[in-house]
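In what follows, a structure is listed as C-alpha cells, so that the remarks can point back to it.
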Amino acid sequence: MTQRGLGTAIALAFLMFFIPERAQALQPLEAFIRSGRTKSPDNAEARANLSQQQGVADATLGRVLPGISARGNYTRNQYQSVVEIPNFLDPTQPAQRATIQPFNQLTGSATLTVPLIDLAGFVRTAAQYSAAEGFAKQAEATALQVESLVVQDYFQLLANLSLVVSSERALEVARESLRLAQAQQAAGRATLLDVDRAIAEVERQVQFLATAKLQVALSARALESASGLTPESLVPVPFEDDLHEEPDLASFSPPDPALPSIAAAMKLTESANRLAVAQKLTLFPTVAGTFTESGTNASGFVGHHYSWQAGVGFTWQFDLTTIANMRSQDAFADAARAREQRARLAARDAIYRFWQTVHSDIATSRSARAQAKATAHAARLAADRYQAGAATQLDLLQAERDAYAADVARIQSDADLANARNQLRLATGIDPFIAAQ
C-alpha cells in the first residue's frame, strides 16, 4: 500500500467515528421496563409486604367485629347416672327420669361475642389500614426505583456498546498508523523508535478494547438482574439527544401526596400517630356482649337439652406496662415523623439534583460533541502531516489519543443526558413508561 493510501485509510477510519450505527437488535428500553415490573425481586417483595399488611389490617378489623366460636365434646363414662323425679303436683302421674350422666355424653355450645365499646381496638384498626395504604404507596415508589435502576443500566449498556465500536475503530486507526510508520521506516524517513511506538499504541488500544468488552458484559448482566430480561443482541442503538432544555424547576415540583415515597411516609406517620392514640385509649375499659347456645344429651335437673345464656361484661387493666407502652408508642410516632421529613427532603433533593444534572449534561454533551469533532479533524491533519514529514510521530499519537478520549467522553455524556432526563421524571413520580404496561 502506498503512503498516500495509508493516509487515506487513517482519515477514513477517523470519519467512521461519526457514522451512526443502524442495527437495532437490542430490545427497546420499554421491554426491560415491562419485564422489571413483573420479575424484579424488589417489586415482588413490595407486593408481598403490601399483601401482608392488608392481611394484618383485616385481622385487626376482625377483632372489633362480632365473632362466633363453637366447641363440642364427646365423653364415654364408665357408669350411667339416672334419677327418678316424682311428680309432686300429681302423684298419679309417673315419675320423670333425668339423666345426670349417660354412658355416651355429648355437649356442645356456640357463642356470639359482640364488642360494644373498644376504643383502642377501633383506633388500632384505622391505624393498620393507614399503614396498608402506606405500603401501597411504598410499592409504587419501589416500582419507580426499579425503573430508575433499569434506565440507568440500559443507557450505560448503550454507552458501553458504543464504546466498543469506538475502541475497535481506534484500534484500526492505530494499526493503520503502525503500517504507515513501517512504510516510513522502510523508506528511510522514520526510525525504528517510531515503529516501536506505533506497536505500543496498537497494544494500548487492544487493552482499551478488552476493557470496553468487559464493561459491556458487566452492564448487560446488571441490566438483566435489574429487569429479569436478557439482552437479545449486544448491538449499539443510536441515542443521540437533541439537547433541548427542560421546563422550569417549578414544573417538576408536585405536591407531597403525588410523590409515592413521601405519600408512603405520610401514611405510615398517620398510622404511628393513631397507634399512639390507641395506646392511650387502653386506659378505658372494653365492653362486650355475649350470647351462648348450649346443647347436651345429659340435661340433668334442668330438664332441657338446649339452653341459652346472654350477658354483658367489661375488661379493664392497668399496670406499669400501660404507661411504658404509651411512651414507646409516642416515641415511635416521633420517629415516623422524622422519617417522613427525611423522605420529603430526599425526594425534593432528587428532583433538584436531576434537574440540575440535565441542565449541566446538556452543556457537557454539546461541548463533548464539538470536542470529538475537533479532535477527529486534528487527528486527520496530524496523519497527513506525519505522512508528509511535517509532524512527528508523537504528534500523531497524541492526536489519535485525544480523538479517542473525546469520542469516549461524547458517548458517555450522551448516555448520561438520556439517563438524567428519565431520572428527572421518575423522581417527580411521573412514569414515562406507563404506556409500556
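Leaving out ligands and nucleic acids, note down the accessible area per residue over the chain with a 1.4 angstrom probe, in whole Å². List each step's numbers first, then the result.
Working: 23850 Å² over 437 residues.
So the chain comes to 55 Å² accessible per residue, rounded to a whole number.
Given 20 °C and 1.002 mPa s, how large is the Stokes-Einstein diffusion coefficient of region 95-243 in µm²/s, with Rh as the Kirkwood radius over Cα pairs? Roughly 93 µm²/s, to the nearest whole number. Neighbours of Asp241, meaning other residues whose beta-carbon lies under 14 angstrom from its beta-carbon, give a summed charge of -3 when Lys and Arg score +1 and Asp and Glu score -1.
Would you mind getting me the FRET efficiency between Ala335 and Asn87? Use the beta-carbon distance for r and R0 = 60 Å, nearest 0.05. Once rounded, the FRET efficiency stands at 0.20. Paramagnetic label reach from Phe318 (point 7 Å along Cα→Cβ; backbone nitrogen cut-off under 20 Å): within region 279-295, residues 279-288. List the longest stretch of the chain that has no exposed loop site; here a site is one of the chymotrypsin sites (Phe, Trp or Tyr not before Pro) assigned by DSSP to anything other than H, G, I, E or B, with at most 10 other Cβ within 10 Å. With chymotrypsin sites (Phe, Trp or Tyr not before Pro) excluded where exposed in loops, the chain gives 89-300 as its longest stretch. Given +1 at the Cβ of Lys and Arg, -1 at the Cβ of Asp and Glu and no other charges, the dipole of region 340-409 around its Cα centre is 320 debye to the nearest 20.
A simple spin-label model places the labels of Ala70 and Lys373 8.4 nm from each other, with each point 7 Å out along Cα-to-Cβ.
For the chain, the share of accessible area belonging to carbon and sulfur comes to 58 percent (1.4 Å probe, ligands and nucleic acids excluded). With equal scatterers on the alpha carbons only and no solvent term, can you work out the Debye log10 of I(q)/I(0) for region 157-254 at 0.17 1/Å? Debye intensities relative to I(0), on a log10 scale: -0.84.
With N set to the residue count of region 239-285, report its C-alpha Rg divided by 2.2 N^0.38 Å to two decimal places. Kindly include the intermediate steps, with their values, before the conclusion.
Values: Rg = 20.8 Å, N = 47, 2.2 N^0.38 = 9.5 Å.
This ratio for region 239-285 stands at 2.19.
Extension gain, Val206 to Thr290: 0.36 nm times the residue separation minus the Cα-Cα distance gives 21.8 nm.
Which number do you get for Rg(Cα) / (2.2 N^0.38 Å) in region 283-383? Mind showing how you got there, number by number?
Numbers: Rg = 38.0 Å, N = 101, 2.2 N^0.38 = 12.7 Å.
Normalised Cα radius of gyration, region 283-383: 2.99.
In square nanometres, what is one fourth of the surface area of the convex hull spanned by the alpha carbons of region 288-345? Don't skip to the answer; put the middle values down first.
On the way: hull surface 32.7 nm².
For region 288-345, the mean projected area of the Cα convex hull comes to 8.2 nm².
Across all Cα atoms of region 236-337, the radius of gyration (one decimal) and Dmax (whole number) stand at 29.5, 96 Å. Spin-label model, Leu234 to Ala95: label points 7 Å out along the Cα-to-beta-carbon direction sit 10.1 nm apart. Where the alpha-carbon atoms of the chain are placed on the principal axes, they occupy 149, 50, 40 Å, in descending order.
How high is the FRET efficiency from Ser360 to Ile430, r the C-beta distance, R0 22 Å, rounded to 0.05? Display every interim value, and only then the final one.
Working: r = 21 Å, r/R0 = 0.96.
My answer for the efficiency is 0.55.
The H on the amide N of Ala190, modeled in the peptide plane, is under 5 Å from the matching H of Gln185, each at least 5 residues off or on a different chain. Note on the chain: GNM, Cα springs under 10 Å; of Thr286, Thr296, Thr75, the largest mean-square fluctuation is that of Thr75.
The values are calculated or read from the model by the stated rules, or taken from the named source; none is laboratory data. This is a predicted model, so every value here is computed, not measured. Cβ sites come from the backbone with ideal geometry, for glycine too, and all protein chains shown count toward neighbours. Accessible surface is based on the protein model in full, side chains and every heavy atom, while ligands, DNA and RNA are left aside. Shrake-Rupley method; radii C 1.70, N 1.55, O 1.52, S 1.80 Å.
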